[in-house]
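Below: the structure, in structure tokens.
The values are calculated or read from the model by the stated rules, or taken from the named source; none is laboratory data. Since we're looking at a predicted model, the values are computed, not measured. Every residue, glycine among them, receives a Cβ derived from its backbone with ideal geometry; neighbour counts consider all protein chains shown.
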Amino acid sequence: MVKRKIFSVLFALVLALGVTLPMATPVMAATYYVAPGDSIQAAVDSASWGDTIILNDGTFNDYATVTVGTSGITIKAANPGQAILHGGDGPAFRLADGLSDVAFEGLVIQNRTGWRGGGIEAWDRTTSNINVRNNQFLNNTYNGILVGSEGGYIHTNWTVRSNVVTGNGFAGIELTNVQDSEIRGNTVAGGTVGILVQARNTIADSGVVTIGGVRVMGNTVSGAVWTGVYILAMASGPTEPFDPIGGAWATLEGVMFQGNSVDQSDAGWGAWVYGYLEGYIDNARVIRNTFTSDDGPGVGIFGNATNTKVVNNTFVNCAPEVTDYGEDTKLPPYGPPGE
């Protein structure tokens with residue numbers, strides 16, 4: 001009340017003296033239109049917070065990776081599914097360290113090749129508040145969406161929703177060291193792993209990386225070679241034979257995997273929950289999903305996985321439905337993931 005009264009008196013005095021207060025000039029958001037053959041990178045570099053980059057209908061062929069270093073922008077198709085980013089080497093979009101509040105909407109990214117050829121990548125950096133919705137990631141050599149780190153960076157508040165992700169070489173959608181995020185309502189088919197959620201640490205003497213608050217809900221997953229869904233924690237070397245890393249731990253807490261449909265007929269496991277080496281999974285929830293197979297396995301719980309709840313799921317032709325080898329310290333005898 002006091003502050004409001006003082007402001008009223010001062011405002012009345014200003015009016016009486018005829019003083020004109022300077023007015024702030026609003027900054028108008030800009031829209032950039034990019035046609036096939038034009039530079040997407042140039043539009044991204046010119047944009048500022050609040051701007052929108054619209055890709056016109058057509059095929060954008062074999063262009064170089066676009067580095068997104070401007071926060072607060074939206075990159076979208078003029079008409080969903082009609083801006084086709086075809087071919088080219090590496091990821092279509094690579095997000096810069098510290099990027100936040102960026103959205104990708106309605107794009108088709110397909111047939112990317114080479115090292116980490118895929119759709120959207122944010123690796124070994126920190127990002128936050130990123131929305132990837134209503135896109136298509138098709139037949140890329142690596143991941144459709146790759147977000148994560150080897151342990152030195154944490155991402156927060158990613159939303160991956162209502163995308164079609166099919167035929168990618170490794171994971172359709174990967175969130176590694178990404179907390180307080182969700183993967184919801186996507187259609188994911190093929191690849192080695194459909195959806196991968198992971199806590200990972202490969203940095204010696206770095207202590208523990210702890211990730212929580214990830215929700216995987218309402219997705220349709222099918223046909224992955226290893227497993228439809230992989231909930232993984234690992235603290236080991238980044239490549240086989242995955243040697244232990246001294247002074248490094250990784251913990252994945254409270255992953256919620258709920259309301260998904262996983263069809264792994266003629267393919268691998270429905271879901272793995274795996275705490276590997278000094279990786280620990282606590283309180284994972286596998287609830288009200290449907291797992292379909294042709295006498296293949298449903299849900300497997302391995303390694304350092306504690307208090308995993310597998311309840312109210314429907315298993316169709318899965319054998320076994322649930323395999324539970326989760327323990328505090330004992331690693332199953334059959335080796336690291338993928339063997």
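Observations on the structure shown:
- If you check ALA248, ALA284 for being of a type in the set (A, V, I, L, M) and closer than 15 Å to VAL214 by Cβ, only one passes: ALA284.
- Qualifying positions in the range 184-197 - among the polar types (S, T, N, Q) and either part of a loop (DSSP other than H, G, I, E, B) or surrounded by 24 or more Cβ atoms within 10 Å (Cβ to Cβ) (or both): ASN186, THR192
- Scanning the range 147-166 for residues that are within 12 Å of the chain's Cα centre (by Cα) and of a type in the set (D, E, K, R) yields one hit, ARG161.
- Only one of ALA199, ALA171, ALA204 that is among the small types (Gly, Ala, Ser), within 21 Å of ASN129 (Cβ to Cβ) and touching a strand residue (DSSP E or B) at 6+ places or on another chain (Cβ under 7 Å): ALA199
- Selection status of TRP272, surrounded by 23 or more Cβ atoms within 10 Å (Cβ to Cβ) and of a type in the set (A, V, I, L, M, F, W, C): yes
- Within the range 117-142, the residues that satisfy the criterion of being polar (S, T, N, Q) and within 15 Å of ASN163 (Cβ to Cβ) are ASN131, ASN134, ASN135, GLN136, ASN139, ASN140.
- Enumeration of residues in the range 86-124 that are of a type in the set (Asp, Glu) and either assigned to a strand (DSSP E or B) or within 13 Å of the chain's Cα centre (by Cα) (or both): ASP89, ASP101, GLU105, GLU121
- Cβ pairs under 9 Å, 6+ apart, first in the range 214-231 and in the same structural domain as ARG161 (by TED's automatic domain parsing) and among the basic types (Lys, Arg), second in a loop (DSSP other than H, G, I, E, B) and at pLDDT 95 or above: ARG215/VAL255
- So GLY254, is it assigned by TED's automatic domain parsing to the domain that holds GLU182, within 18 Å of the chain's Cα centre (by Cα) and either in contact (Cβ under 8 Å) with a residue 24 or more places away in the chain or surrounded by 17 or more Cβ atoms within 10 Å (Cβ to Cβ) (or both): yes
- Within the option set ALA204, ALA199, ALA248, being in contact (Cβ under 8 Å) with a residue 60 or more places away in the chain and over 30 Å from LEU138 (Cβ atoms) holds for one residue only, ALA248.
- Identification of strands (runs of 3 or more DSSP E) wholly contained in the range 125-174 with 2 or more residues that are surrounded by 24 or more Cβ atoms within 10 Å (Cβ to Cβ) yields 128-133, 145-148, 155-161.
- Test: residue in the range 258-265 that is out of contact with any His (no Cβ under 9 Å at 6 or more places or on another chain) and either of a type in the set (Phe, Trp, Tyr) or farther than 29 Å from GLY167 by Cβ (or both): no
- Look at the range 123-150: where a residue is assigned by TED's automatic domain parsing to the domain that holds ARG200 and a partner is at pLDDT below 95 and hydrophobic (A, V, I, L, M, F, W, C), sitting 6+ places away or on another chain with Cβ atoms under 7 Å, you get GLU150/ILE203.
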